[in-house]
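Enquirer: Here it is: the structure, laid out below.
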Amino acid sequence: MNQQTIITADDHPLLLKGLNDLLFEKEYNIIGSANDGKEAYQLILQKKPDIAILDIQMPFMSGIEIARKCREQAPETKVIFITLYKEKELYDQAQHLNIYGYILKEFALEEIETCLAQVAKGAHYYSPKIKELLGVSSDKKGILETLTPSERKILRLIATDKTNKEIASLLFISYRTVEKHRSNIILKLQLEPKTNSLLSWAKEHHERLR
């Protein structure tokens, strides 16, 4: 049996049963299931699972709301979203919240084991299917090689939600130097200069920064 403890939540009974049946068959350690967001959140607080597999849209509390609360109340629980929704806004919110997994329900049965294996190692798994549908490009071959050791170090810290001020303190450099590095990294990675673009990229590609 896979030792990682898991809870599942979905307000569609048949979809929840199908997911649970698959995971039980594959000998995953399911310790609870919920039919709505409020019940799912209470399960997380009570049982403190290693992984919570959540539908995004559920009654009483959405998966997004649960993930946001878990950052403070259950930071050890890694959240995976399984959803029918294909809006880029939800995808971006998931990245900003450092969600560990994001897959579409129509591909869940073929991707869930790969996702769980990645998440169990502390890595992130964002389905190639959703990236393809949203036109999200993760192909930055060779670009990482253009980053200096200092820029890579800063990217690793950004991936852990460190602020510019915290990075400056940790690396014994000035706040302005950190800002300059961030600007250079954004240019090299060809990112849009939006508030969370660098944070989202760093989280998605943190494994390649080691």
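Enquirer: May I ask you to evaluate 6.51 cos²θ - 1.76 cosθ + 1.60, the Karplus curve with θ = phi - 60°, for each residue of the stretch 179-184 and list the ³J(HN,Hα) values in order in whole Hz, giving x for glycine and proline?
Expert: 4, 5, 4, 4, 4, 5
Enquirer: Could you pull out the longest piece of the chain with no exposed loop chymotrypsin sites (Phe, Trp or Tyr not before Pro) in it, calling a site exposed if DSSP puts it outside H, G, I, E, B and it has at most 16 other Cβ atoms within 10 Å?
Expert: 86-171
Enquirer: Counting each DSSP H run of 4 or more residues in the chain as -39500 (n - 2.57), what helix-only mean residue ellipticity at 222 nm follows after dividing by all residues, to the nearest 500 deg cm²/dmol?
Expert: Computed ellipticity for the chain at 222 nm equals -15000 deg cm²/dmol.
Enquirer: Which angle from 0 to 90°, rounded to the nearest 10, does the C-alpha axis of helix 108-120 make with the longest principal axis of the chain?
Expert: 60 degrees
Enquirer: Would you mind working out the magnitude of the charge dipole of the stretch 144-209 relative to its Cα centre, with +1 at each Lys and Arg C-beta and -1 at each Asp and Glu C-beta, to the nearest 20 Debye?
Expert: Computed charge dipole of the stretch 144-209: roughly 160 debye.
Enquirer: Given q = 0.12, 0.16, 0.24, 0.28 Å⁻¹, what are the Debye log10 I(q)/I(0) values for the stretch 144-209, with equal point scatterers placed on the Cα positions and solvent ignored?
Expert: -0.24, -0.45, -1.08, -1.47
Enquirer: Measuring from label point to label point, each 7 Å out along Cα→Cβ, what is the E110 to K180 span in nm?
Expert: Going by the 7 Å Cα→Cβ label model, 4.9 nm.
Enquirer: At a 10 Å Cβ-Cβ cut-off, how would you order L155, L43, L187, fewest neighbours first?
Expert: L187, L43, L155
Enquirer: Run the dipole for the stretch 5-134 about the Cα centre, Lys and Arg Cβ at +1, Asp and Glu Cβ at -1, nothing else charged, and hand back the magnitude in debye, nearest 20.
Expert: For the stretch 5-134, the charge dipole is close to 340 debye.
Enquirer: Then there's this: Can you list, bin by bin at 5 Å, the percent of alpha carbon pairs in the stretch 1-134, starting at 0?
Expert: Answer for the stretch 1-134: a P(r) of 2, 11, 24, 27, 23, 11, 2, 0 percent.
Enquirer: Would you grab the residues whose amide H sits under 5 Å from the one on A34? Only those 5+ places off in sequence or on another chain, please, with H modelled 1.01 Å from N.
Expert: Close amide H contacts, sequence-distant or interchain: T8, A9, D10.
Enquirer: Where does helix 37-47 land angle-wise versus the long Cα axis of the chain, in degrees 0 to 90, nearest 10?
Expert: Between the helix axis and the principal axis of the chain, the angle is about 80 degrees.
Enquirer: How would you rank E179, E25, E39, going from fewest to most other Cβ atoms within 10 Å of each one's own Cβ?
Expert: Arranged by neighbour count, lowest to highest, E179, E25, E39 become E25, E179, E39.
Enquirer: Right, here's the next one. In the stretch 27-127, what % of DSSP beta bridges are antiparallel (nearest 5)?
Expert: 0 percent
Enquirer: Now for a separate question. Could you calculate the contour length gain from T148 to K129, that is, 0.36 nm times the residue separation minus the distance between their Cα atoms, to one decimal place in nm?
Expert: 3.7 nm
Enquirer: For the chain, set up a GNM with springs between Cα atoms under 10 Å and report which of R71, R176, R152 has the largest fluctuation.
Expert: It is R176.
Enquirer: Can you find, among L22, G101, F60, the residue farthest towards the positive end of the dipole of the stretch 1-119? Put +1 on the C-beta of Lys and Arg, -1 on that of Asp and Glu.
Expert: F60
Enquirer: Along each of its three principal axes, how wide is the spread of alpha-carbon positions in the stretch 14-64, in whole angstrom units, largest first?
Expert: That gives 30, 24, 14 Å along the principal axes, largest extent first.
Enquirer: Can you tell which of A123, A40, A67 shows the greatest fluctuation in a Gaussian network model of the chain with Cα springs below 10 Å?
Expert: In this elastic network of the chain, the residue with the biggest mean-square fluctuation among A123, A40, A67 is A123.
Rule-based calculations on the coordinates, nothing more; no lab input. Just so we're clear, the structure is a prediction, and the values are computed from it rather than from any experiment. With ideal geometry, Cβ positions are generated from the backbone for all residues, glycine too; neighbour counts draw on all protein chains shown.
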